[in-house]
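Asker: Please read through the structure below; I'll follow up with questions.
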């Protein structure tokens, strides 16, 4: 039971300048976008766009400005625009990030900002890649609860500690930023990749699940966790802050000890 | 053109669509069509929780939940539907837990529950802990869990298949009282494959619409870019009415200037709202439950504070959400995502600084009318056999004129499940309805007009102007003048929309073309919403008319039904405004008489 919170004061003194504000500064950015459209040409090219943007704008806003005002054919996926749907993972200045979570002011705007599709998946058009191989790996780890016992009438019990055990890996939004930042995945398309392992971890370490051994066996495959070279690219790429490399290490450890 | 045949086709792969698919997929041959990937759906952006009277942490029961839902909706709720939802809420939560959803737990290992706006103990006596939750990413967890279970049950998805038309036929029929009418029947849907630009016809015995909301008619919104009301628009164009479209919910706590949602769970966990004087102003507007009043009341109170000059910031145009009296460890455990949004997008540290917030367009209470079996209605009573709807696209109506927080995650689970079962059961005995001749004719025209236009108008510019006028004139406060302004603006946008051109002429992932089509839906729906708002000369729930500030049960205790009718005269009378005919539908009462709504 959480402790009751003391009733907050009816009125407080607010510090001066609370909430920040003032005029939002503008600045110029040079956006360099990787373009590819097989309907037009088999070659990928770079297109340059010069834009005036606001201090609160994200890379996604810059892409929208291009699409809506300059070149309607620029194609990219996006939906929620605040980092929870996982549509707009792309390579920004050589790093995998979500365009909607990357503020322009946090990038070096004195140089061109490069935007490319994520690597290791076939490019369909501009920043859009074929996600099917990524989801195929995800499906192979049996990413769903498997429980062999009788269904209780009420909820299954789970202690807060057991729930905490896999909390980090429940945050995954399947954006593919981790998997497509992995050098092993770039060279070996058969490798499950970090995201599939993260989603296996989420069930392997769930006290309600009975199929951990099966998943460990799947990940013990030659294209499984042992291909991981611990380069930490995935952890750095994850827009949800999941400790991906640590999750992979925990799965490796569980395979070795056969203990979850 | 390719033709596919399925028993059941589900349009949309958010919470309602996937919950339906889990049921339908195990009973009948089912396909799920989505214009996104399933895990991109906006259910995933829901944060705070899903209410059910589990009574895990304090006394509660589903009847109290029903009452709160009815009162929260300012008595425009169909009470039979609210009873179904509150009763089935308990199993809906337990179903999700059994599917694997990682709810937060009590020290005893049960599903933990927390407070939420408008949810009370014993008919309004005090806030109650009813919302089951997984940190502040409950919607994410629901979406992931449902997708995981769809994978488990081998549900067949058609990703990035954008449904653009509903195929129906009309048959002569006679009612019991001897009057004749046209009975609609569903034959299937037409979809556009984004990857190739090809049209695919899906012939189906049952079609379930679960395609979500239309928040992008507004500028400041918590909604995804893709929430353009396609399902509502398609149904409307095919002669199906839309119910209660004037009721749109503005969530009180959007990040100021951006509209990104900060969950009501923040206030459920103890955060409060303050104005520029540092006052906890909700004490004045809702003395009993204060910051946990329903959203319409809190949003209006905030807008009023700003209007009366007690807004914050250089332009005095927002108020503050204060979490600074909460323990950082408590914030991290219960509200990690939303505090990160404040840091990422506004550069504000919620441990030590209050967060600038202002109401953001959040949820359509109205939609495609259905009965409690999720069957779509073509008028007040007549069911369209084989056509179902659930979730935000539908109006069953459990939310009335104002939805309570968490009741949407509940709605999609309860009525999504009902829709999946009903659609599959119907398909077991039904025959396929023959496809109309040349089933893609309408869709081909729609796309060709958008693709081949050579005018000088830009889609993004018209959309921006539409969103601007909706924010300025159709938001928390409305008058006949502001609403007529919107209608005049929309009339000019419709003219300009005929002169658009898209730059991308290709077949492959032509999202430029897609946005043009989406704008067509937005214009149509914005007009329906505004016409219905103009007609409703009273204030109720999320609809507040400054020129009619009181609720008027005598004249307006009824649902509005908007029909597309190109013959409706543009004479400005309340019942018919240029192409839209308005009618009404009675509200269903079971246990509760309307009372004055105070908190």
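The values are calculated or read from the model by the stated rules, or taken from the named source; none is laboratory data. Keep in mind that what you see is a predicted model, and the values were worked out from it rather than measured. Cβ sites come from the backbone with ideal geometry, for glycine too, and all protein chains shown count toward neighbours.
Asker: Within the range B:136-239, which strands (runs of 3 or more DSSP E) (wholly inside it) include 1 or more residues that are within 14 Å of chain A (Cβ to nearest Cβ)?
Answerer: The strands (runs of 3 or more DSSP E) meeting that bar are B:156-159, B:161-174, B:180-193.
Asker: Would you please name the residue that is nearest to the chain's Cα centre (by Cα), looking only at residues in the range A:142-168 that are more than 10 Å from every other protein chain (Cβ to nearest Cβ) and under 25 Å from residue B:154 (Cα atoms)?
Answerer: A:148
Asker: Please work out which residue is nearest to the chain's Cα centre (by Cα), limiting yourself to the range A:21-56 and to residues that are closer than 22 Å to residue B:260 by Cα and part of a loop (DSSP other than H, G, I, E, B). Quick ask: steps written out before the conclusion?
Answerer: Taking the range A:21-56 and keeping what is closer than 22 Å to residue B:260 by Cα, we get A:21-26, A:53-56.
Those left that are additionally part of a loop (DSSP other than H, G, I, E, B): A:21-25, A:55-56.
Values: A:21: 30, A:22: 33, A:23: 32, A:24: 29, A:25: 29, A:55: 24, A:56: 22 Å.
Once the filter is applied, the top-ranked residue is A:56.
Asker: Looking at this structure, is residue B:288 crowded, with 20+ Cβ neighbours inside 10 Å and closer than 23 Å to residue B:406 by Cα?
Answerer: For residue B:288, the condition - crowded, with 20+ Cβ neighbours inside 10 Å and closer than 23 Å to residue B:406 by Cα - is not met.
Asker: Assuming residue A:213 fulfils every condition listed in (1) over 17 Å from residue A:246 (Cβ atoms); (2) assigned to a helix (DSSP H, G or I); (3) touching a helix residue (DSSP H, G or I) at 6+ places or on another chain (Cβ under 7 Å) apart from one, which condition is it?
Answerer: (3)
Asker: Hey, another quick one. Being surrounded by 19 or more Cβ atoms within 10 Å (Cβ to Cβ), over 26 Å from residue B:46 (Cα atoms) and not assigned by the TED database to the domain that holds residue A:173 narrows it down to one residue among A:42, A:72; which is it? Spell out the reasoning first.
Answerer: On the way: A:42 fails: surrounded by 19 or more Cβ atoms within 10 Å (Cβ to Cβ).
Testing whether each residue is surrounded by 19 or more Cβ atoms within 10 Å (Cβ to Cβ), over 26 Å from residue B:46 (Cα atoms) and not assigned by the TED database to the domain that holds residue A:173 leaves just A:72.
Asker: Here's something else I'd like to know. Scan the range A:120-133 for residues that are touching a residue at least 60 places away in the same chain (Cβ under 8 Å), more than 9 Å from chain B (Cβ to nearest Cβ) and either under 20 Å from residue A:204 (Cα atoms) or over 16 Å from the mean Cα position of the chain (by Cα) (or both) and report the count.
Answerer: 1
Asker: Still on this model: Would you check which residues across the range B:93-128 are within 7 Å of chain A (Cβ to nearest Cβ) and assigned to a strand (DSSP E or B) and list them?
Answerer: Answer for the range B:93-128, where residues must be within 7 Å of chain A (Cβ to nearest Cβ) and assigned to a strand (DSSP E or B): B:105, B:111.
Asker: Next up: Kindly indicate whether residue B:476 is assigned to a loop (DSSP other than H, G, I, E, B), within 26 Å of residue B:578 (Cα to Cα), at pLDDT 95 or above and within 25 Å of the chain's Cα centre (by Cα).
Answerer: yes
Asker: While we're on this one: How many residues, within the range A:222-257, are outside any helix (DSSP H, G or I) and without any contact (Cβ under 8 Å) to a residue 12 or more places away in the chain? Step through it out loud before you land on a result.
Answerer: Going through the range A:222-257, the residues outside any helix (DSSP H, G or I) turn out to be A:222-224, A:228-232, A:238-243.
Adding the requirement that they be without any contact (Cβ under 8 Å) to a residue 12 or more places away in the chain leaves A:222.
Total satisfying the criteria: 1.
Asker: Regarding the range A:128-146, can at least one residue be identified that is in contact with a strand residue (DSSP E or B) (Cβ under 6 Å, 6 or more places away or on another chain) and either assigned to a helix (DSSP H, G or I) or modelled with pLDDT of 95 or more (or both)?
Answerer: Within the range A:128-146, one or more residues are in contact with a strand residue (DSSP E or B) (Cβ under 6 Å, 6 or more places away or on another chain) and either assigned to a helix (DSSP H, G or I) or modelled with pLDDT of 95 or more (or both).
Asker: Give the residues of the range B:299-313 that are on the phi > 0 side of the Ramachandran plot and buried (at least 20 other Cβ atoms within 10 Å of the Cβ), sorted by residue number. I'd like the intermediate steps shown before the answer.
Answerer: Here is the first cut: in the range B:299-313, the ones on the phi > 0 side of the Ramachandran plot are B:309, B:313.
Scanning the range B:299-313 gives a single hit, B:313.
Asker: When residues of the range A:89-105 are filtered for being within 11 Å of another protein chain (Cβ to nearest Cβ) and either farther than 22 Å from residue A:27 by Cβ or at pLDDT below 95 (or both), how many remain?
Answerer: Total satisfying the criteria: 1.
Asker: Moving on. Starting from the range B:481-507, keep only residues that are within 14 Å of chain A (Cβ to nearest Cβ) and on the phi < 0 side of the Ramachandran plot, then list their pairs with residues that are modelled with pLDDT under 95 and assigned to a helix (DSSP H, G or I) whose Cβ atoms are within a distance under 8 Å, requiring at least 6 positions of separation or different chains.
Answerer: Correct list of pairs: B:500/B:450; B:502/B:450; B:502/B:451; B:505/B:451.
Asker: If you don't mind, another one. Can you work out which of the residues in the range A:57-82 that are under 17 Å from residue A:97 (Cβ atoms) and in a loop (DSSP other than H, G, I, E, B) is farthest from the other protein chains (Cβ to nearest Cβ)?
Answerer: Out of the qualifying residues, it is A:57.
Asker: Now for a separate question. Go through the range B:64-92 residue by residue and tally those that are part of a helix (DSSP H, G or I) and either under 20 Å from the mean Cα position of the chain (by Cα) or touching a residue at least 60 places away in the same chain (Cβ under 8 Å) (or both).
Answerer: 20
Asker: While we're looking at this one, here's another question. Kindly establish whether residue B:385 is in the same structural domain as residue B:293 (by the TED database), touching a residue at least 24 places away in the same chain (Cβ under 8 Å) and touching a strand residue (DSSP E or B) at 6+ places or on another chain (Cβ under 9 Å).
Answerer: no
Asker: Does residue B:278 meet the test of being in contact (Cβ under 8 Å) with a residue 12 or more places away in the chain and either on the phi > 0 side of the Ramachandran plot or surrounded by fewer than 24 Cβ atoms within 10 Å (Cβ to Cβ) (or both)?
Answerer: In short, no.
Asker: Kindly indicate whether residue A:156 is part of a loop (DSSP other than H, G, I, E, B) and modelled with pLDDT of 95 or more.
Answerer: Against the criterion (part of a loop (DSSP other than H, G, I, E, B) and modelled with pLDDT of 95 or more), residue A:156 qualifies.
Asker: What is the number of the single condition among (1) within 15 Å of residue B:378 (Cα to Cα); (2) touching a helix residue (DSSP H, G or I) at 6+ places or on another chain (Cβ under 8 Å); (3) surrounded by fewer than 24 Cβ atoms within 10 Å (Cβ to Cβ) that residue B:199 does not meet?
Answerer: (1)
Asker: Moving on to the next point. Would you pick out the residues in the range A:45-63 that are surrounded by 19 or more Cβ atoms within 10 Å (Cβ to Cβ) and under 23 Å from residue A:130 (Cβ atoms)?
Answerer: A:59, A:60, A:63
Asker: Take residue B:316 and tell me if it is surrounded by fewer than 21 Cβ atoms within 10 Å (Cβ to Cβ) and either more than 10 Å from chain A (Cβ to nearest Cβ) or more than 30 Å from residue B:563 (Cβ to Cβ) (or both).
Answerer: So residue B:316 passes the test.
Asker: Continuing with the same structure: Given (1) surrounded by fewer than 24 Cβ atoms within 10 Å (Cβ to Cβ); (2) out of contact with any strand residue (DSSP E or B) (no Cβ under 9 Å at 6 or more places or on another chain); (3) under 30 Å from residue A:60 (Cα atoms), identify the lone condition not met by residue B:344.
Answerer: Every condition holds for residue B:344 apart from (2).
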